[in-house]
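Participant: This structure is in structure tokens; I'll ask about it shortly.
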Amino acid sequence: MPTTKSRPLKRSARKRQDTSVSPAFWTGRSSLGLRILQVPAFSKLPWLIHAFSTAPGGISHLENEKVLNLGFTGWDTRENVRENRRRFQTAAGAPDLPLITLKQFHSDVIHIFDSNPTDPCRGDASITNRPGLLLAIQTADCVPILLVDPKKRAIAAIHAGWRGTLARIAAKTIGKMQMHFGTNPRELLAAIGPSIGPCCYEVGTEVATQFLSQFPDAPGYFDEFRTGDEPNPIQWLNMMPPGHQPPPKGVLLDLRKANRSQLLAAGLRPRNIHTIDLCTACRPDLLFSYRKQGPLSGRLMSVIAIRR
Ligand SMILES: [Zn+2]
């Protein structure tokens with residue numbers, strides 16, 4: 001159950017950073033110098049393909065490193081990105097499947113694919129129950145979520161930044177799967193991929209206010225950003241601030257927790273939600289972070305497909 005009380009503020013937790021990788025999330029696929037992240041519960045399904053990319057390897061050059069940039073960014077060539085995508089698909093075990101990317105725009109627009117579209121669609125989630133379509137989400141801090149319905153053999157790929165999370169894109173995607181595939185949320189498996197962690201994701205209090213107005217457990221998504229004599233931001237968000245106290249500058253948002261809460265509210269079992277606890281901003285050696293690297297950031301990719 002999602003917690004409904006606000007977390008106590010802990011100085012020690014503020015600077016906690018991800019420094020290790022859970023070995024359970026690593027595969028041995030490194031023949032091309034790439035490392036992909038996979039969730040064991042997904043890997044157990046023989047008809048399913050899935051992978052989360054990481055930054056090392058690839059042929060793009062970024063700050064004297066060779067990286068696996070999988071998005072068409074201003075600093076990289078299209079040829080490099082296409083070759084990186086080819087290598088990533090091979091590492092993921094899907095070299096021949098059509099890659100179905102979206103023109104993501106932080107919306108709650110969800111597409112159902114029965115075939116490979118001629119042009120990328122504008123949207124932030126895709127679902128299918130057709131074999132042979134590689135659904136892809138691109139991120140560089142936002143939360144990628146992959147869903148699989150093992151009973152009905154249906155899948156989803158979701159892009160959830162703070163706007164998409166606020167718009168309940170994960171919950172709406174599950175609703176679409178229920179409607180179109182007869183999915184029972186209690187059967188669904190979810191993988192929450194690498195994203196910016198609560199250690200690094202500062203947002204303005206106006207963002208927190210929007211979450212608090214929509215989600216009863218939203219105080220549990222936030223933590224204090226500054227310490228010292230400032231008013232407690234969570235208290236400030238829960239009460240009208242006294243006139244003489246300035247509002248705090250920012251708070252730390254746990255986007256993974258917000259999305260996990262949304263999945264639980266939609267009916268997923270806690271044990272079926274698998275979170276890769278890696279922060280994009282803490283791990284420039286392994287991941288891409290727009291917050292950390294700005295316009296020179298690469299793009300990570302999360303993919304899922306039903307084998308054909
Ligand atoms: Zn971090």
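Participant: Of the cross-linked pairs LYS44/LYS151; LYS103/LYS151; LYS44/LYS66, which ones have a Cα-Cα span greater than 24 Å in the structure shown?
Facilitator: Cα-Cα > 24 Å for LYS103/LYS151; LYS44/LYS66; rest within.
Participant: How far apart, in nm, are two points set 7 Å out from the Cα along the Cα-to-Cβ line at PHE105 and at ARG153?
Facilitator: Each label point is offset 7 Å from its Cα along the Cβ direction, giving 3.5 nm.
Participant: Name the trypsin sites (Lys or Arg not before Pro) in region 58-156 that are in a loop by DSSP and that have at most 14 other C-beta atoms within 10 Å, would you?
Facilitator: Sites meeting the loop and neighbour criteria: LYS151.
Participant: For GLU63 and GLN210, what is the calculated FRET efficiency with R₀ set at 45 Å and r taken between the beta-carbons, to the nearest 0.05?
Facilitator: According to the calculation, E is roughly 0.80.
Participant: Taking θ = phi - 60°, what integer Hz values does the Karplus form 6.51 cos²θ - 1.76 cosθ + 1.60 yield along region 164-181, in sequence order, with x for Gly and Pro?
Facilitator: In residue order, the calculated couplings are x, 5, 4, 7, 6, 5, 5, 4, 5, 5, 4, x, 5, 5, 4, 5, 8, 10 Hz.
Participant: How big is the antiparallel share of DSSP beta bridges in region 26-143, given as a percent to the nearest 5?
Facilitator: If we restrict to bridges inside region 26-143, about 45 percent are antiparallel.
Participant: Could the peptides 191-198, 105-112 be put in order, highest first, of the mean number of other beta-carbon atoms found within 10 Å of their residues?
Facilitator: Ranking, from highest mean packing down: 191-198, 105-112.
Participant: While we're here: Counting DSSP beta bridges in region 71-229, what percent are antiparallel, to the nearest 5?
Facilitator: 70
Participant: What are the residues whose amide H is under 5 Å from the amide H of HIS61, where those residues sit 5 or more places off or on another chain and H is modelled from the backbone?
Facilitator: HN-HN under 5 Å from HIS61: VAL67.
Participant: So how much slack lies between GLU79 and ARG271, counting 0.36 nm per residue of separation and subtracting their Cα-Cα distance, in nm?
Facilitator: 65.0 nm
We did not get these values from a lab; they are worked out from the coordinates using the rules stated. Quick caveat: nothing in here was measured; it's all calculated off a predicted structure. Glycine also receives a Cβ, built like all others from the backbone with ideal geometry; neighbour counts cover every protein chain displayed.
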